[in-house]
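To start, the structure itself, in structure tokens.
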Amino acid sequence: MEYADFFTKFISWLLTFEKNELILAFSAIGAGFAMIAGIGPGVGQGYAAGIGAEATGNNPKASKQSTMVMLLGAGIAETSGILALVIALILLFANPLIALQGDKLVLASSAIGAGIAMIAGMGPGIGQGYAAGKGCLAASINPDGSKPSLLVMLLGTAVAQTSSIFSLVIALILMYANPLATTEGHYLILSASAIGAGFAMLAGIGPGMGQGYAAGKGTEAVGMRPRLQPQIMRTMILGQAVAQTTGIYGLIIALVLLYANPLINLL
Amino acid sequence: MGSEFGPKIIYELPGGVVITETVVNTWIIMIVLIIFSLVFTRKFEKIPKGAQNVVEMIVDLVYSLTEQVMGKNKQGFAPYVGTLFFFLIFANLWGLVGLRPPTADVNTTSALAIITFVLIHFFSIKSKGIKGYLKGKIEPFPLLLPLNIIGDLATPISLAFRLFGNIVGGLIIMSLLYGALAGLSMKIGLPIPIFEAGIPSIFHIYFDVFSGVLQSFIFVMLTMVFVSMEMD
């Protein structure tokens, strides 16, 4: 039982620190975790930029239009990175956890949980970037009929954003209205639940990428046949709603861990 | 939202009801929009001239957008769509005049999302009948009922927080940037805070203009799509 011994020692070592010191230390880790989300927008925008270059090469006449669509799509793909940046900046410059009442280990773990939750922004970033690329391609192939495809791209990417929005909700709950901090006792379980809630939100990576793929394909299809826009958009949004399901499972588990933790009653 | 980035409380009514910055700014936007609509819709003539041209163009635009997205038989939604769009545009760009955008408060965005939620389900029942509406909840098969309900509830949440997250994110980054620039000019010892003059404008273009206009558009579009999808 060497490991168990190490773990107890580690926890009791952590508990020797003062409340604020522990929270600030864990906030540093949380801020770092949150910024991992930057992988997504990076990949996605790179893809969009590549398609943009290709589109300009294929149809130089429409390069102005396709570049505009690419930049617009890349701007949208940036959103989840910015949301992660906001959480990291709040943890660094205006840490709300210090002012909260509650057990120090729980609050400190909440900082890590909030950071981990924001990693889910990776998915939407990649997906929206893919959609931006397809929108750019559609604008280059058919510059006159690019308006309907642009509309589909905007809507599709907005839906693909959902998972990182859910992560933001969980991160904000952990930081500003932490229900675990007001619960009494079983601090180890509560701290682990805060981190677990963050991990549950990582499921959002999948829906973000998948919905972005759907948005890209929908944009492409509308670009080719603008008249079918209503039907294509309908199928796309219905499919995206189904693709959201597993992300919503993650959200539910996170909310259960935070608000109706069944593990406490087992003891 | 908590202390530092939350809206300031301007006045507290007896009974614990607080009047925040958000409420006051919403009132100002309401007054501006009402005055606009009163002034510009006076003395309409058959052959339009001057401001009437612009007003007609805007109304035409809203109607054609509604028709394009929702279908010809649902043009009755256009007045709400237009109102929502102009309110959101004003609210999201409110940061440009140095005031706090009302949409940086989760209460405002939730209220708008709840209106959309009610619209979705009211018009779904109205067009399909209560039987058809309930039947739609157990499709494609009955086991999916809880999932359908959760999906329905997730729609307003994601609508509200998409808008709120974008606007409040921009607000927080901008206020941190202003703080950092002020600190920089103080450190160098400049009597005039010269850094705060030009540099933030680039960030305002992205965080206020780009994401503000885009998020208004997306909120309105998603409202239209969700309502019309549930209707047929």
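Where a number appears in this text, it was derived from the coordinates with a stated rule and is not lab data. Quick caveat: nothing in here was measured; it's all calculated off a predicted structure. Note that we place each Cβ from the backbone using ideal geometry, even for glycine, and neighbour counts take in every protein chain shown.
Kindly express, to the nearest 10 degrees and within the range 0 to 90, the angle between helix B:21-40's C-alpha long axis and the longest C-alpha principal axis of chain B.
70 degrees
How high is the relative contact order of region A:1-88, given as a whole-number percent (alpha carbon pairs under 8 Å, six or more residues apart)?
Averaging sequence separation for qualifying contacts and normalising by length gives 39 percent for region A:1-88.
Need the list of aspartates and glutamates near B:K128 for cross-linking: C-alpha distance under 16 angstrom, and skip anything on the same chain fewer than eight residues off.
Leaving aside aspartates and glutamates fewer than 8 places away in the same chain, those within reach of B:K128 are B:E139, B:E230, B:D232.
With charges only on Cβ, +1 for K and R and -1 for D and E, what is the dipole size of chain A about its Cα centre, in debye, rounded to 20?
1060 debye
Considering chain A, what Rg and Dmax in Å follow from its alpha-carbon atoms?
When restricted to Cα atoms, chain A yields Rg and Dmax of 21.6, 71 Å.
Based on alpha-carbon atoms only, what is the radius of gyration of region A:182-267 relative to the globular estimate 2.2 N^0.38 Å?
1.61
For the cross-link pairs B:K46/B:K74; B:K74/B:K131; A:K64/A:K147; A:K61/A:K147, which exceed 19 Å when the distance is taken from alpha carbon to alpha carbon?
B:K46/B:K74; B:K74/B:K131
What net charge do the residues around B:L99 carry, taking every other residue with its C-beta under 14 Å from that of B:L99, with Lys and Arg at +1 and Asp and Glu at -1?
Residues close to B:L99 contribute a combined charge of -1.
Please list, or write none, the lysines whose alpha carbon is within less than 18 Å of the alpha carbon of B:K135, excluding same-chain residues fewer than 8 places away.
B:K126
Give me the compactness ratio for region B:9-231, meaning the Cα radius of gyration over 2.2 N^0.38 Å.
1.26
What Rg and what Dmax come out for region A:88-197 when only alpha-carbon atoms are used, in angstroms?
Just the Cα atoms of region A:88-197 yield Rg and Dmax of 19.6, 65 Å.
Under a cut-off of 29 Å between alpha-carbon atoms, report the lysines in cross-link reach of A:K9, not counting same-chain residues fewer than 8 places apart.
A:K19, A:K104
Return the sequence-ordered ³J(HN,Hα) values of region B:104-115 in whole Hz as given by the Karplus equation 6.51 cos²θ - 1.76 cosθ + 1.60 applied to θ = phi - 60°, using x for Gly and Pro.
Running phi through 6.51 cos²θ - 1.76 cosθ + 1.60 with θ = phi - 60° gives 7, 10, 5, 5, 5, 5, 5, 4, 5, 5, 5, 4 Hz.
With no solvent and one equal point scatterer per Cα, compute the Debye intensity ratio I(q)/I(0) for the protein assembly as shown at 0.07, 0.08, 0.09, 0.10 Å⁻¹ and report its log10, rounded to two decimals.
Scattering profile of the protein assembly as shown, log10 relative to I(0): -0.42, -0.54, -0.69, -0.84.
Enter the Cα centre distance for the pair region A:207-267 and region B:106-163, rounded to the nearest angstrom.
15 Å
To one decimal place, what Kirkwood hydrodynamic radius in Å is obtained for region B:10-110 from all pairs of distinct Cα atoms?
Result for region B:10-110, one decimal place: 15.8 Å.
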